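Report on one structure; see the data block that follows.
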Amino acid sequence: MLAKAKEEWDQEIVDKQAEKERYLSERVTPLHTSGLSLSQLQDLCRELHEKVEIVDEERYDIEAKCNHNTREIKDLKIKVLDLRGKFKRPPLRRVRVSADAMLRALLGSKHKVSMDLRANLKSVKKEDTEKERPVEVGDWRKNVEAMSGMEGRKKMFDAAKSPTGQ
């Protein structure tokens, strides 16, 4: 199988070389420089130089187009990967819209519907709730042992501190 592939590859190289020679024989005429004077040789060189410049310009233009297309293909591939892959969704902002404004947006400006949602709510007096919870203001140092939850440990600490302090 490898031998068959090698034969085909060699044949392909020979075919490309033959195609290249055929193309060049059609496009390039053989130069006859023998028997030409100095001025005729200079004219021939100028013509050849002009042809080289034209071909070089065409090559440059084609190369620029190719580079542009390559960059465009890369950009499109990146866009496809971005669209196909995972991407972060931006966090949505909370917008405060009244019920009337929302209904106007949904139904249009023709329908004038007003919904007063606050009218059906119960009213609560703030003064009553403050009176229900009496706040005791006192000395915080009196209940330190009760609040700390460490009555036994505090006594042990005080007992250990008193002999060393004296």
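The values are calculated or read from the model by the stated rules, or taken from the named source; none is laboratory data. Predicted model, so just to flag it, every value in this text is computed and none were measured. Counting neighbours? That spans all protein chains shown, and the Cβs are built from the backbone with ideal geometry, glycine included. Each accessible area value is taken on the protein alone, full model and side chains, heavy atoms only, with ligands, DNA and RNA left out. Shrake-Rupley method; radii C 1.70, N 1.55, O 1.52, S 1.80 Å.
Pairing residues of segment 43-55 that are under 12 Å from L31 (Cβ atoms) with residues that are open to solvent by less than 90 Å² (accessible area, probe 1.4 Å), at Cβ distances under 9 Å and at least 6 apart in sequence or on separate chains, gives L44/T33; L44/L36.
For the criterion of being part of a helix (DSSP H, G or I) and either loosely packed, with under 10 Cβ neighbours inside 10 Å or within 48 Å of the chain's Cα centre (by Cα) (or both), E7 fails. Do we have any residue at all in segment 11-29 that's out of contact with any Cys (no Cβ under 6 Å at 6 or more places or on another chain), among the hydrophobic types (A, V, I, L, M, F, W, C) and more than 28 Å from K51 (Cα to Cα)? Checking segment 11-29: at least one residue is out of contact with any Cys (no Cβ under 6 Å at 6 or more places or on another chain), among the hydrophobic types (A, V, I, L, M, F, W, C) and more than 28 Å from K51 (Cα to Cα). Please enumerate the residues belonging to segment 80-94 that are part of a loop (DSSP other than H, G, I, E, B), of a type outside the set (F, W, Y) and modelled with pLDDT under 80. Across segment 80-94, the qualifying residues are G85, K86, K88, R89, P90. Give the residue that is modelled with the lowest pLDDT, with candidates limited to residues of segment 95-131 that are among the small types (G, A, S) and part of a loop (DSSP other than H, G, I, E, B). My answer is S114. Inside segment 22-54, residues that are within 51 Å of the chain's Cα centre (by Cα), surrounded by fewer than 10 Cβ atoms within 10 Å (Cβ to Cβ) and among the acidic types (D, E) make up a count of 0.
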